[in-house]
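Heads up: the structure comes next, in structure tokens.
The values are calculated or read from the model by the stated rules, or taken from the named source; none is laboratory data. This one's a predicted model, so the numbers in the text were calculated from it and none came from an experiment. Ideal geometry is used to build each Cβ from the backbone, glycine not excepted, and the neighbour counts take in all protein chains shown. Note: areas computed on protein heavy atoms with side chains; ligands, DNA, RNA excluded. Shrake-Rupley method; radii C 1.70, N 1.55, O 1.52, S 1.80 Å.
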Amino acid sequence: MLVPIPVVCFVGTLVTDIAYWYTANMQWANFSAWLLSVGLIVSGLAVVAGLIDFFGDRGIRRLRPAWIHAGGNAVALVLSILNIFVHSRDAYTSVVPTGLILSALVVLILLVTGWNGAALVHRYGVGVQSGERA
């Protein structure tokens, strides 16, 4: 249940970056920085839970979607860390173009990792108790 919070924060960062790009209102850049900060803090907790799942079960590590999910999320996390440093700059350079590009890349990566995460749950039953699988 930790994953939706950073996902929403990182998607929200893209939305507020686009709003800043169109309006040049500095408050949108501030929103982006806050969303990135919250997303990174909560994703730290999600990483711990994900690593426990990934390394705690050899069967999960045998699944290709698990590697795509874990690797993609690691890349998204690194890009988001870079993005928070970009967003810490002042004025126009905090968002356009580097922050906006990084935000878009993170959202695209999250689409792929989310698809693979859903496959792990719905196709392979990862994280689902054996009696609950439909």
Query raised in the report: GNM on the chain, C-alpha springs below 10 Å: top fluctuator among Gly50, Gly71, Gly59?
Result: Gly59
Query - Average accessible area per residue (Å²) across region 54-134 - probe 1.4 Å, nucleic acids and ligands excluded - result: 62 Å²
Query - Translational D in µm²/s for region 44-92 (Stokes-Einstein at 20 °C, 1.002 mPa s, Kirkwood Rh from C-alpha pairs) - result: 173 µm²/s
Query raised in the report: Looking at Trp67, Thr23, Val42, which one has the Cα that reaches farthest to the positive end of the dipole of the chain (charges on Cβ: Lys, Arg +1; Asp, Glu -1)?
Result: Trp67
Report task. Go ahead and estimate [θ] at 222 nm for the chain from helices alone: -39,500 (n - 2.57) per DSSP H run with n ≥ 4, summed, over the residue count, rounded to 500. Result -> -27000 deg cm²/dmol
Requested in this report: Working from Cα positions, state the angle (0 to 90°, nearest 10) between the long axis of helix 64-87 and the longest principal axis of the chain.
Outcome: 20 degrees
**Report entry** Helix 26-56 vs. the chain, principal-axis angle (Cα, 0 to 90°, nearest 10)
**Finding:** 20 degrees
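So, with a 1.4 angstrom probe, what is the percent of accessible area on the chain that is carbon and sulfur?
71 percent
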Report task. Taking the Cα centre of the chain as origin, work out the dipole magnitude from +1 charges on Lys and Arg Cβ and -1 charges on Asp and Glu Cβ, in debye rounded to 20. Result -> 460 debye
Query - Residue among Val11, Val78, Val106 with the largest mean-square fluctuation in a Gaussian network model of the chain, springs linking Cα atoms under 10 Å - result: Val78
**Report entry** With DNA, RNA and ligands ignored, accessible area of Thr98 (1.4 Å probe; Å², nearest 10)
**Finding:** 60 Å²
Query raised in the report: Against the longest alpha carbon principal axis of the chain, how many degrees, from 0 to 90 and to the nearest 10, is the axis of helix 98-122 turned?
Result: 20 degrees
